Amino acid sequence: MHYWNEPAGIAASALFECVVRIRREDEQDNDTYAMERLSISTEIMEAVERGVDSGWGGIELRFGIGANLAIVEGLYEGWLEQHISRLLPSTDGPTATTEWRAFWSGYFWNPRVYDSFLVTLRPYYEQLVSLVYSEIGLFEGDNASTNRLIEHIAVGRIRELDGFGTDGLLGVVTANATDDVLADLVGFFRHELDAARKRSDAQWLNRVWNAFNEYWIRRTREFRSPDFPEHFLEEASAFIGCTSFSPVSLREMVVQITTSVRFADRTLDFEELIEWLIPMVSDDAKIVLEVADAIANRLTAPDTFSFVPRNYRKLIETLHQVHDSSIEPRLVLVVDRLLHQRQFDLRDAILD
């Protein structure tokens, strides 16, 4: 990171390293929290204050404040709230863009996300989204900070903090971010769902799913709007990758799935979705066929590679073996549609 590698950055890093060492010494001496606050040297805090007020220490110190905010706040509770208007000045100022970039880049450099910071910074997150996705391009060339911004907003929603939902910051992101960034947002939700499942943490899995599903429902409604352009999206493909984590029935989310299939990027092969669907045929063949039909429509779209997923035949065979006369006509139509793509091996899947 440039801010740390330059001489001024090394000096700023050393400044906060002193803070860390003082704190460790306090902890070893078993001092109380109040004693820890008193132990930090006056000179260090005066330097930090000058960095906030007058820009002393340059962008390196401002980056350092962001990266070490938890340390400062831990010693001086309420420090961020008291200094936030000076730490992130009005964006109309001549140096504001540089100051914002330095602070936020440092702040996102820290891998931990604190609820108290999310709450205090919430109005500034909204301004930050505008700066990032306007022609200013605040994080241009800094994909790590862009991704962390999206992750912080997702975390705020998962933790059910006010102002982070689809009617708040998630909605602001949706209105401004590009398709690849929104796909990364869905990817973050998937990562959290997967982690919760591996830990067998049902409570966290449900919390993440509720946040994710609220967002997916919102995007489904937007995709289906008459004004939404008919084009294919990485984000839609990313949604499909999350279906297997669902704690609700297929029937409850069929509109979301079929809509995402319709807009899915052409490189998605649907095999994971199909594998998830096959065991559900015996319980709800009609709904499974509805998704299978949507997949067939997507596979026969003009821009799609001419192939059928390897397990699609198994899905068709499983549907046929149900022997439900009410689904057979639609099942034949699905297969006939794929025959036009020279998928001749599917026809015998529904012939006795």
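The values are calculated or read from the model by the stated rules, or taken from the named source; none is laboratory data. What you see is a predicted model, and the numbers here were worked out from it, not measured in a lab. Neighbour counts are summed over all protein chains in view; Cβ atoms, including those assigned to glycine, are modelled from backbone coordinates with ideal geometry. Surface areas here come from the heavy atoms of the whole protein model, side chains and all, with no ligands, DNA or RNA. Shrake-Rupley method; radii C 1.70, N 1.55, O 1.52, S 1.80 Å.
How do the peptides 112-124, 267-279 rank, highest first, by the average count of neighbouring beta carbon atoms within 10 Å per residue?
Taking the mean over residues of other Cβ atoms within 10 Å, the ranking is 267-279, 112-124.
Per-residue HN-Hα couplings for region 325-334, Karplus 6.51 cos²θ - 1.76 cosθ + 1.60 at θ = phi - 60°, whole Hz, x for Gly and Pro?
4, 6, 9, 4, x, 5, 5, 4, 4, 4
Ranked from highest to lowest mean number of other Cβ atoms within 10 Å per residue, what is the order of the peptides 323-331, 308-316, 288-296?
The most tightly packed comes first, giving 288-296, 308-316, 323-331.
For Ala264, enumerate residues with amide H under 5 Å from its amide H, sequence gap 5+ or separate chain, H modeled in the peptide plane.
Under 5 Å from the amide H of Ala264: Leu233.
Whole number in Å², please: accessible area per residue of region 208-305, 1.4 Å probe, ligands, DNA and RNA not counted.
41 Å²
Report ³J(HN,Hα) in whole Hz for each residue of region 212-218, in order, from the Karplus equation J = 6.51 cos²θ - 1.76 cosθ + 1.60 where θ = phi - 60°; Gly and Pro get x.
Once rounded to whole Hz, the list reads 5, 5, 4, 5, 5, 4, 4.
What does the net charge come to around Thr220 if you take all other residues with beta carbon closer than 12 Å to its beta carbon, with K and R at +1 and D and E at -1?
Summing Lys/Arg as +1 and Asp/Glu as -1 gives +2.
Which order do peptides 232-240, 164-172, 191-199, 203-211 fall in by mean Cβ count within 10 Å, highest first?
Taking the mean over residues of other Cβ atoms within 10 Å, the ranking is 232-240, 164-172, 203-211, 191-199.
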